[in-house]
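Data block below; observations after.
The values are calculated or read from the model by the stated rules, or taken from the named source; none is laboratory data. Nothing here was measured: the structure is a model prediction, and the numbers come from that model. Methodologically, a virtual Cβ is constructed for each residue, glycine included, from the backbone with ideal geometry; neighbour enumeration extends over all protein chains shown. Only protein heavy atoms, including side chains, enter the accessible area calculation; ligands, DNA and RNA are left aside. Shrake-Rupley method; radii C 1.70, N 1.55, O 1.52, S 1.80 Å.
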Amino acid sequence: MAGVFLMKQKLRTVVPKRPPFDPQEYLDSRGPARKVVKYRTGEVAFGQGDAATDIRYIQKGAIKISVLSRIGKEAVVALLTPGDFFGEGALAGQSVRIETATAMALSTVLIIEKEAMVRLLHEEPLFADRFLSHMLSRNIRIEADLVDQLFNSSEKRLARTLLLLARYGQSNPQRTLPKISQETLAEMIGATRTRVNFFMNKFRRLGFIEYNGRLKVNTSLLSIVLHD
């Protein structure tokens, strides 16, 4: 009996413990049921009408989310940066994509199969918390965008959009923005390119933004948003 007891004790000591799950480490790597894909500027990650079989996470770069109407008019609904998920509709029963995701800069994207994502959400509380936080933030952003469109001038909408793209107020702000055209900004705020050009020149003249090959956003731009 003593020998059996000692053998059991020895077995307990050699069985390796599972390391604690690290959501960020998972999202920064590749492995079973997930892969990392790089997209060139202008390359489509997935198109409207494609099968919705996975969820995406941006490791590096920037992704534009747009929707095309039946008459061929495009609307830009979001510009996402590192740390953002997209394609979440696959988890809500969408069989096809309802939007197009396009790389706005050289981008590295983690692709997680739908089944693996569902399993993670059920089995890993830390990952579920991370994803829930993302979804709540996205929902708040959508509501704020709607209020912005309804009540604010195009100048304020442009200033707010630039600050959001610079991740103002977040833990990892990026003052230098990925390359983005005035046409895209116009689509995002519901204005004409002429109006965007006018306000961008004004912001630059006042020192709110800088442009020397790359667009830089200064926190002083916040004064436009706060001004009544």
Open item on the list: Of all residues being among the polar types (S, T, N, Q) and open to solvent by less than 30 Å² (accessible area, probe 1.4 Å) in the stretch 53-99, which is modelled with the lowest pLDDT? Just the residue, please.
Closed with: T81
Task: Which listed residue is in contact (Cβ under 8 Å) with a residue 12 or more places away in the chain and closer than 22 Å to A75 by Cα, from I224, I189 - done: I189
- [ ] Could you tell me which of the residues A186, A191 is assigned to a helix (DSSP H, G or I), among the aliphatic types (A, V, I, L, M), modelled with pLDDT of 85 or more and on the phi < 0 side of the Ramachandran plot?
- [x] A186
Open item on the list: Given the condition surrounded by fewer than 20 Cβ atoms within 10 Å (Cβ to Cβ), without any contact (Cβ under 8 Å) to a residue 40 or more places away in the chain, of a type in the set (S, T, N, Q) and assigned to a loop (DSSP other than H, G, I, E, B), answer yes or no: does some residue in the stretch 152-160 qualify?
Closed with: yes
Open item on the list: Can you tell me which condition G47 does not meet? The list is (1) at pLDDT below 90; (2) under 26 Å from L162 (Cα atoms); (3) more than 15 Å from the chain's Cα centre (by Cα), and all the others hold.
Closed with: (1)
